[in-house]
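The values are calculated or read from the model by the stated rules, or taken from the named source; none is laboratory data. Given the structure is predicted, the values throughout are model-derived calculations rather than measurements. Using ideal geometry, Cβ is built from the backbone for each residue, glycine included, and neighbour counts are taken over all protein chains shown.
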């Protein structure tokens, strides 16, 4: 039999082309959808979420401002919100980078490098568990994410239940001012997760009408709003007892403020108030204990 | 002496006019604000102060603020007049020779390293800021001493600009190292604020300002001569070196204490002197007191606008000084041109 070169029929060609296309698409599909194994999280909140979902072993880099849990110290730092180190990020060969939505330059650069990203932006309290679920789905641990989010929701619901029906004191939540004086007071306005947490914990935010995350308050405004409770937040190292006392005494300059008169100015120290991650449950409980000590007896 | 009665008359007229303006500003500004208060209640002695919200708004929130604005506005305007004459440059301002940048560096360091101490009722940030301005003054003073070997005003000016850039770079570096909340506090500090909330910081700041004003009182005739040129001043028997030192130290002290008290507030120090010169002429015997009074009332007015325009929240006062002062100054410039 003479050797006849095998003829490729048009139909076979089509099938072949479809196969190649299928393989290509399949691999592409697999590449984008495979569970990420090398994750960089630039934001403390999402880093804490990864730990809470039990996937800390997939982290290969964290942001400069990550402090919690203590294990984050063993990861390479890749910069912060304003100064991400792109070279460092690329050199760690991540297959997923969690970025903040406003990091537009970084997002463009990583996009050009073909890196997969999870874009995140925190706003109100409901966004936190929602982000957790979305992140869990993205990295293929939706069951764990669901469980972690459920734990947070349950504990928040517990706080809400405890303070239910109690009188809600008019509360001012301050997250910064000049030490030793009442100057440059930065307070939480009627928007954002701190405001939501305060309301959940049974406080009535005196700045509810100002739809901003932060409001710079004058002394006149403090006097005019007349809060019944003032909660001041402080981050970083724990101050000494006498430091706390002297900071609280500063408020005596405004004796007509009900919170000052009834000694309801509280200084809470801890960074769970700045990180909108899983530790918001602790923040909510601490708010509630200050606002409604009777609910925790 | 020729021209003397004329100067006396102009001095009397401008002191009366600007004095009335300042007095009215000081009396009326505390009555206005984001919260309505009743004056009868403010001065009602039958209500204990601790319970009297109106009195506290008046005496704790507003009056210190108005007085701080008066003091800071006067100090910055005076410093601007003196620097412009001393450097023979219409673009000179209290910020030109690096004193403000020194004050800013001090404040940024205190904020970033969370300094928490109090001296004479004044807290760490204003203290560090004043110390920073003194540090910058010492450097500038050293430079001006080196100036005796025939270096020109222009060299001093360039040195000041360089020092400002250098100190600002160090500030920027410290800010870069700072954590997030500290960065926010620094940004807010750099916007300036007159809400001092007590009389003590004002009283303390008034001491270096008083020294500065004593220095200014020695200067008017000499500044007139210097601003025409150091040589002609020397020819008329002025000890130029000594006069320049008094001017430099006084203007720097005034700037340093103003920035320490309120943070950097732009525009007052550069524009008020020009405005006043357009209105009363160039004689420093009139320009100096008139600038002090007009600077005071201008800043009180700007702070009032800052307090009420977006009430209950406020606009940084430095934004208002530029937004109101800028167009007004342009109008004056072109009306005269």
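Key figures
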quantity: Complete set of residues in the range A:39-64 that are in a loop (DSSP other than H, G, I, E, B) and either away from chain B (no Cβ under 14 Å) or buried (at least 19 other Cβ atoms within 10 Å of the Cβ) (or both); calculated: A:42, A:43, A:53, A:54, A:55, A:63
quantity: Among (1) more than 30 Å from residue B:276 (Cβ to Cβ); (2) more than 14 Å from every other protein chain (Cβ to nearest Cβ); (3) not in a loop (DSSP other than H, G, I, E, B) - the single one residue B:45 does not satisfy; calculated: (3)
quantity: Scan of the range B:238-263 for residues that are more than 18 Å from residue B:142 (Cα to Cα) and free of Cβ contacts under 8 Å to residues at least 24 places away in the same chain, ordered by number; calculated: B:238, B:239
quantity: Condition broken by residue A:123, with the remaining ones in (1) under 24 Å from residue A:189 (Cα atoms); (2) in a helix (DSSP H, G or I); (3) at pLDDT below 95 satisfied; calculated: (2)
quantity: All helices (runs of 4 or more DSSP H) inside the range B:162-230 with 1 or more residues being within 14 Å of another protein chain (Cβ to nearest Cβ) and either surrounded by fewer than 17 Cβ atoms within 10 Å (Cβ to Cβ) or touching a residue at least 40 places away in the same chain (Cβ under 8 Å) (or both); calculated: B:180-191, B:200-217
quantity: Evaluation of residue B:88 against (1) in contact with a strand residue (DSSP E or B) (Cβ under 7 Å, 6 or more places away or on another chain); (2) at positive phi (one fails), failing number; calculated: (1)
quantity: Qualifying residue in the range A:193-201 (condition: facing chain B (nearest Cβ under 8 Å), touching a strand residue (DSSP E or B) at 6+ places or on another chain (Cβ under 7 Å) and surrounded by fewer than 24 Cβ atoms within 10 Å (Cβ to Cβ)); calculated: no
quantity: Filter pass, residue A:241 being within 18 Å of residue B:314 (Cα to Cα) and at pLDDT below 90; calculated: no
quantity: Residue in the range A:83-101 that is free of Cβ contacts under 8 Å to residues at least 12 places away in the same chain and in contact with a strand residue (DSSP E or B) (Cβ under 9 Å, 6 or more places away or on another chain) present; calculated: yes
quantity: Filtered residues of the range A:69-101 (kept if more than 17 Å from the chain's Cα centre (by Cα), part of a loop (DSSP other than H, G, I, E, B) and within 17 Å of residue A:135 (Cβ to Cβ)); calculated: A:94, A:95
quantity: Residue ID - surrounded by the fewest Cβ atoms within 10 Å (Cβ to Cβ), chosen from residues in the range B:79-118 that are assigned to a loop (DSSP other than H, G, I, E, B) and within 14 Å of another protein chain (Cβ to nearest Cβ); calculated: B:117
quantity: Among residues of the range B:297-318, those that are in a helix (DSSP H, G or I) and within 13 Å of chain A (Cβ to nearest Cβ), counted; calculated: 6
quantity: Among the candidates A:220, A:216, A:272, A:232, residue that is crowded, with 16+ Cβ neighbours inside 10 Å, in contact with a helix residue (DSSP H, G or I) (Cβ under 6 Å, 6 or more places away or on another chain) and under 22 Å from residue A:193 (Cα atoms); calculated: A:272
quantity: Those residues of the range A:166-182 which are within 9 Å of another protein chain (Cβ to nearest Cβ), under 21 Å from residue B:313 (Cβ atoms) and in contact with a strand residue (DSSP E or B) (Cβ under 8 Å, 6 or more places away or on another chain), in sequence order; calculated: A:175, A:176, A:177, A:178, A:181
quantity: Qualifying positions in the range A:213-260 - without any contact (Cβ under 8 Å) to a residue 12 or more places away in the chain and more than 9 Å from chain B (Cβ to nearest Cβ); calculated: A:240, A:241, A:242, A:245, A:249, A:252
quantity: Test: residue B:29 is outside any loop (DSSP other than H, G, I, E, B), within 14 Å of chain A (Cβ to nearest Cβ) and in contact with a helix residue (DSSP H, G or I) (Cβ under 8 Å, 6 or more places away or on another chain); calculated: yes
quantity: Subset of the range A:247-280 [closer than 24 Å to residue B:179 by Cα and part of a helix (DSSP H, G or I)]; calculated: A:247, A:248, A:271, A:272, A:273, A:280
quantity: Residue check for residue A:94: at pLDDT 90 or above, away from every other protein chain (no Cβ under 14 Å) and under 23 Å from residue B:176 (Cβ atoms); calculated: no
